[in-house]
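What follows is one structure encoded as structure tokens, with my remarks underneath.
The values are calculated or read from the model by the stated rules, or taken from the named source; none is laboratory data. The model shown is predicted, which means the values in this text are computed figures rather than measured ones. All Cβ positions, even for glycine, are placed from backbone atoms using ideal geometry, and neighbour counts span all protein chains on display. These accessible areas exclude ligands, DNA and RNA; they are computed on the full protein's heavy atoms, side chains included. Shrake-Rupley method; radii C 1.70, N 1.55, O 1.52, S 1.80 Å.
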Amino acid sequence: MDQDLPPHEIHKNTGIDQFDVFIAGSGPIGATYARLLTRHGYNVVMAEIGDQETRVPAAHKKNEIDYQKDIDRFVRVIQGALSAVSVPPSSTVVPELDPSAWRPTNESQMTITNGRNPYQKTHNNLPAEAVTRCVGGMSTHWTCATPEFLKGEERPKIFPDSETADDDEWKLLYEAARSLIGTSSTQFEESIRHNTVLETLKKAFPERGIKPLPLACNRLAKGSPYVRWHAADHVYYDIFDQNLFGKPNSENINRGKFFLLTNTRCTRLHNTTGSAKENVHVGVAEVMDLLADGFSGTTQHKPVNFAINAKVYVVAAGAVATPQILANSGFGGIRGQTEELIPALGKHITEQPLAFCQIILNQHIVENIGSLHDKPQWWKDAVNAHMNAHPEDPLPIPFQDPEPQVNIPVTEDFPWHAQIHRDAFSYGEAGPRADSRVVVDLRFFARQAGDLNNRIVFEEGVTDVYGMPQATFEYTPTTQFADEAGRMMKDMTDVANALGGYLPGSEPQFMAPGLALHLGGTVRLGQGKDQASSVANFNSQVWNFRNLYVGGNGVIPTAFAANPTLTSIALALRATRQIVNALRADPTGENLK
Ligand code: FAD
Ligand code: G3F
């Protein structure tokens, strides 16, 4: 261990000399590790670079009634939360600048704040790839869509030699993951718009398996216009406070202790095995308390570096920061570095072409909503109550009718994932152009294969605003599956035509690469035979390391079209089983050294 790295205050404050597990990142994947390991009796310490921004730690910000009344307003929250990962010099040139204003006179004078990256080329960037830094990570504003990956098309093979074992393992992991994040397909079943879109599309495309979008949420009460959107809080809220909501915990379990350090950057992990290439052992995590002294009354701000000592280390800091921390630890992934403990770090990355449009529902569809003779009683009651209260309203749709949440799942013939819904993102605000009740968003996600040349690489000489090595993307669309994006776009227009006419300004378009925010493969899992092209095994344990694990969408090695978080939770659950086994076999952690 570095002599100049003092132990973290937390060791002193808690009296714990060595934690069982250290976790970097408090998003849904860090939460999964923390929840399972704490509940198995282990002491867990988590470092999160961002702040706690919600009253309940890691809760979804869309739970505020204000945003549920007007989903478009949430667009700004998402915009505010996301920080671009890599901005090329060309995007920072402003020809219209007042001639008297300061400007760089050549590219070497480019400043490096806000993701500006002198090494980023424009042609192979993922310009919309972004990160969220706060307790709960991106799940504090995610859409909550939690589908499974389709076997044979998207789902990785944990047991490639046994289809039955593989199916059984995925069934178990997916069920546990759904229960942990609280996925449901029934929370919108008393929505007029949801049923209207669902039934219209089922009728138009009967063979496509069209269904409600599985969402991690629950309606507050039957008939309530509000839902509680689940974020990382749903995974680990009960380990923050064992007497939450005044209800003492009734489960008589030996629960470990959990400590969350906010505004605390995991800078790097220290390899205590010298130049060994195998059986490498991580001895400490080096963390920086970014606010140290800032709130303690002293006038001088001085971030403080500390060491945290644990038996097992988990890096689950999102698909960008996970390889970034490993790169900063000297394990690989730095441009120009040749001696790498993890040669595949940041290579074979994947992303999803995203097609988008918005439509306004057809006149006959809207008329049919108000034609009540064949509608269920709850529908009749809702429309009648609305028309009585607002006889001047031309639309027979209650103001707080829940939005549509419909899914066309990935199939072999149509290998893309479609969401026909209303959602807030950094784009797609209907604004005053249309009554939001008749607007429907169509988001179609295609897949891309991993390719050795598509990578995220970290720069030695340039840091991001948080002082970590700057990430540069080298990504061009792959030829495998390339035709699928075009077929998907055509399919989206067919589906749109069944529903209505385009909202001007939101006609069918491909969005900027990276916008799906489903970056995959940065720390990909593989089988023993694929060690050279993968970072970790299917227990998420990094190859050649005894006590290092990774988590997040970066672990997914396959091309996938559906939203990945449920699958990443499932894989993290599998990893916790391995960690529990390792710690049970070696309670002191001595043999992990
Ligand atoms: P994150 O949620 O990114 O959390 C990582 C955490 O690590 C962050 O809190 C970050 O601050 C922290 N961190 C980073 N660097 C460091 C460091 N050096 N030290 C300490 N901490 C660090 N996915 C779906 O599956 N379905 C959806 O419907 C969906 N909708 C989305 C909608 C939006 C608007 C966005 C932005 C994303 C959406 N996603 C969706 C993606 C989903 O949010 C992510 O897949 C998920 O949050 C990933 O979880 P994670 O824990 O791996 O990473
Ligand atoms: C993605 O990250 C989510 O997975 C989707 F569900 C969401 O609708 C989309 O972003 C918005 O573009």
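Anything in the range 181-226 that is open to solvent by 20 Å² or more (accessible area, probe 1.4 Å), within 24 Å of the chain's Cα centre (by Cα) and either within 25 Å of residue 70 (Cβ to Cβ) or polar (S, T, N, Q) (or both)? List them, or say none.
Hits for the range 181-226 are 183, 184, 185, 186, 187, 212, 218, 219, 226.
Table: residues versus (1) free of Cβ contacts under 8 Å to residues at least 12 places away in the same chain; (2) more than 13 Å from ligand 2 (Cβ to nearest atom); (3) surrounded by fewer than 24 Cβ atoms within 10 Å (Cβ to Cβ); (4) more than 20 Å from residue 476 (Cα to Cα).
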{"position": "525", "(1), (2), (3), (4)": "no, yes, no, yes"}
{"position": "531", "(1), (2), (3), (4)": "no, yes, yes, yes"}
{"position": "536", "(1), (2), (3), (4)": "no, yes, no, yes"}
{"position": "557", "(1), (2), (3), (4)": "no, yes, no, no"}
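Within 13 Å of ligand 2 (Cβ to nearest atom), under 20 Å from residue 504 (Cβ atoms) and open to solvent by 10 Å² or more (accessible area, probe 1.4 Å) - does that describe any residue in the range 404-425?
yes
For the range 57-88, which positions are outside any helix (DSSP H, G or I), without any contact (Cβ under 8 Å) to a residue 40 or more places away in the chain and surrounded by fewer than 18 Cβ atoms within 10 Å (Cβ to Cβ)?
Across the range 57-88, the qualifying residue is only 64.
Out of the range 117-135, which residues are in contact with a strand residue (DSSP E or B) (Cβ under 9 Å, 6 or more places away or on another chain) and either closer than 18 Å to residue 351 by Cα or open to solvent by 70 Å² or more (accessible area, probe 1.4 Å) (or both)?
119, 120, 121, 124, 125, 126, 127, 128, 129, 130, 131, 132
Only residues that are in a helix (DSSP H, G or I) and within 16 Å of ligand 2 (Cβ to nearest atom): list them for the range 126-176, please.
Passing the criteria: 137, 138, 139, 140.
Please identify the pairs in which a residue from the range 311-333 that is within 16 Å of ligand 2 (Cβ to nearest atom) has its Cβ atom under 7 Å from the Cβ atom of a residue that is aliphatic (A, V, I, L, M) and in a loop (DSSP other than H, G, I, E, B), counting only partners at least 6 apart or on another chain.
319/519; 320/85; 320/519
What do you reckon, is residue 433 of a type in the set (D, E, K, R) and open to solvent by less than 30 Å² (accessible area, probe 1.4 Å)?
The answer is no for residue 433.
Among the candidates 400, 448, 377, 480, single out the residue that is surrounded by fewer than 20 Cβ atoms within 10 Å (Cβ to Cβ), within 20 Å of residue 513 (Cβ to Cβ), more than 15 Å from ligand 1 (Cβ to nearest atom) and of a type outside the set (Gly, Ala, Ser).
Selected residue: 480, the only one of 400, 448, 377, 480 that is surrounded by fewer than 20 Cβ atoms within 10 Å (Cβ to Cβ), within 20 Å of residue 513 (Cβ to Cβ), more than 15 Å from ligand 1 (Cβ to nearest atom) and of a type outside the set (Gly, Ala, Ser).
Can you tell me which of (1) at pLDDT 95 or above; (2) out of contact with any Cys (no Cβ under 9 Å at 6 or more places or on another chain); (3) open to solvent by less than 50 Å² (accessible area, probe 1.4 Å); (4) not charged (D, E, K, R) is the one residue 229 doesn't meet?
For residue 229, the failing item is (2).
Which pairs turn up if I take residues in the range 407-434 that are under 23 Å from residue 82 (Cβ atoms) and modelled with pLDDT under 95 and look for partners that are assigned to a helix (DSSP H, G or I) and within 10 Å of ligand 2 (Cβ to nearest atom) with beta carbon separation below 9 Å, at least 6 apart in sequence or on another chain?
Hits for this filter: 424/78; 425/78; 426/78.
Could you tell me whether any residue of the range 566-573 is open to solvent by 10 Å² or more (accessible area, probe 1.4 Å) and in contact with a Cys (Cβ under 9 Å, 6 or more places away or on another chain)?
No: the range 566-573 contains no residue that is open to solvent by 10 Å² or more (accessible area, probe 1.4 Å) and in contact with a Cys (Cβ under 9 Å, 6 or more places away or on another chain).
Is there a residue in the range 128-150 that is closer than 25 Å to residue 474 by Cβ, more than 16 Å from ligand 1 (Cβ to nearest atom), touching a residue at least 24 places away in the same chain (Cβ under 8 Å) and not basic (Lys, Arg)?
No, every residue in the range 128-150 fails to be closer than 25 Å to residue 474 by Cβ, more than 16 Å from ligand 1 (Cβ to nearest atom), touching a residue at least 24 places away in the same chain (Cβ under 8 Å) and not basic (Lys, Arg).
Taking the range 345-372 as the search range and keeping residues that are touching a helix residue (DSSP H, G or I) at 6+ places or on another chain (Cβ under 9 Å) and assigned to a helix (DSSP H, G or I), which one is farthest from ligand 2 (Cβ to nearest atom)?
372
Every residue in the range 545-588 that is part of a loop (DSSP other than H, G, I, E, B) and over 21 Å from residue 271 (Cβ atoms), please.
Result: 552, 556, 557, 558, 559, 560, 561, 562, 563, 564, 587.
Return only the number of the condition from (1) closer than 30 Å to residue 328 by Cβ; (2) modelled with pLDDT under 95; (3) of a type outside the set (Gly, Ala, Ser) that residue 249 does not satisfy.
In the conditions (1) closer than 30 Å to residue 328 by Cβ; (2) modelled with pLDDT under 95; (3) of a type outside the set (Gly, Ala, Ser), residue 249 misses (1) alone.
What single numbered condition from (1) open to solvent by less than 10 Å² (accessible area, probe 1.4 Å); (2) within 16 Å of ligand 1 (Cβ to nearest atom); (3) not hydrophobic (A, V, I, L, M, F, W, C) fails to hold for residue 513?
Failing condition for residue 513: (1).
Any residue at all in the range 23-44 that's of a type in the set (A, V, I, L, M, F, W, C), within 16 Å of ligand 2 (Cβ to nearest atom) and either open to solvent by less than 50 Å² (accessible area, probe 1.4 Å) or farther than 27 Å from residue 304 by Cβ (or both)?
yes
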